[in-house]
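Here's the structure we're looking at; comments come further down.
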Amino acid sequence: MLNCVIGASLQFFDTTFLGNIVNRFSKDLDSVDENIPFPLNNLISIVFETIGSIILISSTNIRLLLPIALLFVSLIFLRCVYIKSGRPLKRLDVSTKSPVLGYLNATLEGVPTIKAFGAQKIVTKEFETHHNLYNSASYSYTANLKAFVFVADVFASIFIVVVILQFIFDRDVLPGNFGLAISQSYAIYNVIFYGMQKWVDLETQMTSAERAMEYTTIQKESESGLEIENWPNLGEIKYENVCLSMNKSDSYILKNINFHIKPNEKLGIVGRTGAGKSSIISALFRLYEIKGRITLDGVDIKTLSLHFLRSNISVIPQDPLLLSETLRDNIDPEQVHTDEEIWNALRTVGMNKIISTLNANIKKFEFSCSQNRLLCLARVLIKKKKILAVDEIVEHVDTKTENLIYNIINEHFKFCTVIKIAHRLKFVLDCDKVLVLDNGSVVEYDSPETLLKNQNGLFYKMYNVLL
């Protein structure tokens, strides 16, 4: 289950609520480990106890086999009626807990933002809505179970009355047999009812097993494919009629994308929010299945091993990622570079003095957004790959850091193919080509100088708006 989730595609995480994943690995797995094996063991012992009690009570009066059979049939019928509502209510109980866990997790992560905008009342009201829904489902499930127990007790009372009446009209019965029959009648009811309750509980708990099993059928990303030595050595990239969608049922985010990046060229990608800029990089890393063809140095990326493909392209994402580990784990996750190489990379990005003062894991220190991006830049510097993709790297950084990043990329990635996604058009003006996207389609593709001469073009209009 864990292996399938870890190996799942990004599409799974885009379409699955975080609370659902947490719930499967907490409450559902706990039910599978704790609440299913014990009722199953109890059912086996209950079967033998029931057989023994039936033999013992029938030895006092053979006619008692009929009310025993009627009791058993009544409880079976009651179980069938209960399970029709019990299983859906159990499923609802489990599923409504996921939004509570997910919202709680999101709230804890966003506490600074919530306080900054004074949204405590809004968040509290939203949480109460999720929690009330969960409580309603939980109480409904509990009430349904209580109703089952109550009706079963009514059947038990009727059964014991019938047993007593059997002996009242039999004047030849021995007092000892009468007492034994009454005590065993109550005992046999308890055993049968307990067994029925465990049976019902087992069936309702199997809902958790079903939910856990669903995660064992998640389609994992393919681990097979080619691994070519000394690849890529040029950095040539071609997109040929590339289409991309998050889900098979969704409309395409990228529509028939075509462009060609020559070795060592710098490509800038611009467009309005939601135009599909980041999806260009997603397609390059095969984060989603695509239609069409993307080649790197003439090799179709669909034929390559995913790990091999992704490990040979450097990327700085829109949201900088720092692991809750040491600096070395963040700069050199594969542990293949020396301390000297790491310090050289830190000096290049101007973070060596700050890092030298740290004495604990990197997550225990609050780095600014600019510093986070510089650490990510140090990570790609040390990898020295032929292709670099950067997504909004100069967004939310100060002017000094922006100029530093700008100079580092121009100087240290001069002989690399670079894809720059940016809102700040200044960052792409020195590129060899600029790709302008609108609603997932290429509307302009040429050098910045040529695009700025076209006064009717989207790039020209965007540039003048930002002036």
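The values are calculated or read from the model by the stated rules, or taken from the named source; none is laboratory data. Quantities reported herein were computed from a predicted structural model and do not represent experimental measurements. Glycine gets a Cβ as well: all are built from the backbone with ideal geometry, and neighbour counts include every protein chain shown.
Going through Thr129, Thr124 one at a time, which residue ends up being of a type in the set (Val, Ile, Thr), under 25 Å from the mean Cα position of the chain (by Cα) and under 30 Å from Ala209 (Cβ atoms)? After applying the criteria, what remains is Thr129. Among all positions in segment 17-26, there is at least one residue which is in a helix (DSSP H, G or I), aliphatic (A, V, I, L, M), touching a Leu at 6+ places or on another chain (Cβ under 6 Å) and surrounded by 16 or more Cβ atoms within 10 Å (Cβ to Cβ). From the list Glu411, Glu340, which one is over 30 Å from the mean Cα position of the chain (by Cα), of a type outside the set (Lys, Arg) and farther than 26 Å from Asp432 by Cα? Testing whether each residue is over 30 Å from the mean Cα position of the chain (by Cα), of a type outside the set (Lys, Arg) and farther than 26 Å from Asp432 by Cα leaves just Glu340. When each of Asn352, Asn403 is tested for being more than 30 Å from Lys262 (Cβ to Cβ), over 26 Å from the mean Cα position of the chain (by Cα) and not β-branched (Val, Ile, Thr), the lone residue that passes is Asn352.
Residues of segment 285-319 that are of a type in the set (A, V, I, L, M), under 21 Å from the mean Cα position of the chain (by Cα) and closer than 15 Å to Val242 by Cβ: Leu287 alone. Any residue in segment 193-204 that is surrounded by fewer than 19 Cβ atoms within 10 Å (Cβ to Cβ), among the charged types (D, E, K, R) and under 30 Å from Leu10 (Cα atoms)? So far as segment 193-204 goes, no, none of its residues is surrounded by fewer than 19 Cβ atoms within 10 Å (Cβ to Cβ), among the charged types (D, E, K, R) and under 30 Å from Leu10 (Cα atoms). Taking the conditions (1) of a type in the set (Asp, Glu); (2) closer than 30 Å to Pro39 by Cβ; (3) more than 32 Å from the chain's Cα centre (by Cα) in turn, Glu229 satisfies each one other than (2).
Residues that are more than 23 Å from Val436 (Cβ to Cβ) and of a type in the set (Lys, Arg): does segment 237-246 have at least one? No: zero hits. Exactly one residue out of Ser59, Ser74, Ser53 is under 30 Å from Pro175 (Cα atoms), without any contact (Cβ under 8 Å) to a residue 12 or more places away in the chain, in a helix (DSSP H, G or I) and of a type in the set (Ser, Thr, Tyr), and it is Ser59.
Condition check ((1) in contact (Cβ under 8 Å) with a residue 60 or more places away in the chain; (2) over 28 Å from the mean Cα position of the chain (by Cα)) across all residues:
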| position | (1), (2) |
| --- | --- |
| Phe367 | no, no |
| Cys376 | yes, no |
| Lys385 | yes, yes |
| Ala389 | yes, no |
| Val397 | no, yes |
| Ile419 | yes, yes |
| Cys431 | yes, yes |
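Residues that are surrounded by 15 or more Cβ atoms within 10 Å (Cβ to Cβ) and either under 21 Å from Ile313 (Cβ atoms) or in contact (Cβ under 8 Å) with a residue 24 or more places away in the chain (or both) were ranked within segment 439-457; the one that is nearest to the chain's Cα centre (by Cα) is Gly440.
Here Lys262 meets the list (1) basic (Lys, Arg); (2) under 20 Å from Val380 (Cα atoms); (3) more than 29 Å from the chain's Cα centre (by Cα) almost entirely, failing just condition (2).
Hey, can you tell me all the residues within segment 373-409 that are more than 16 Å from Met351 (Cβ to Cβ), in contact with a strand residue (DSSP E or B) (Cβ under 8 Å, 6 or more places away or on another chain) and not hydrophobic (A, V, I, L, M, F, W, C)? Lys383, Lys385, Lys386, Asp391, Glu392 - these are the residues of segment 373-409 that are more than 16 Å from Met351 (Cβ to Cβ), in contact with a strand residue (DSSP E or B) (Cβ under 8 Å, 6 or more places away or on another chain) and not hydrophobic (A, V, I, L, M, F, W, C).
If you filter segment 347-372 down to residues that are at pLDDT 90 or above and assigned to a helix (DSSP H, G or I), you find that the one that is surrounded by the most Cβ atoms within 10 Å (Cβ to Cβ) is Thr348.
Inspect segment 332-339 for any residue being surrounded by 13 or more Cβ atoms within 10 Å (Cβ to Cβ), in the same structural domain as Val397 (by TED's automatic domain parsing), closer than 30 Å to Asp14 by Cα and at pLDDT below 90 and give the result as yes or no. Yes, the conditions are met somewhere in segment 332-339. Selection of segment 399-417 for residues being exposed (fewer than 15 other Cβ atoms within 10 Å of the Cβ) and either in contact (Cβ under 8 Å) with a residue 60 or more places away in the chain or not in a helix (DSSP H, G or I) (or both) yields Lys414, Phe415.
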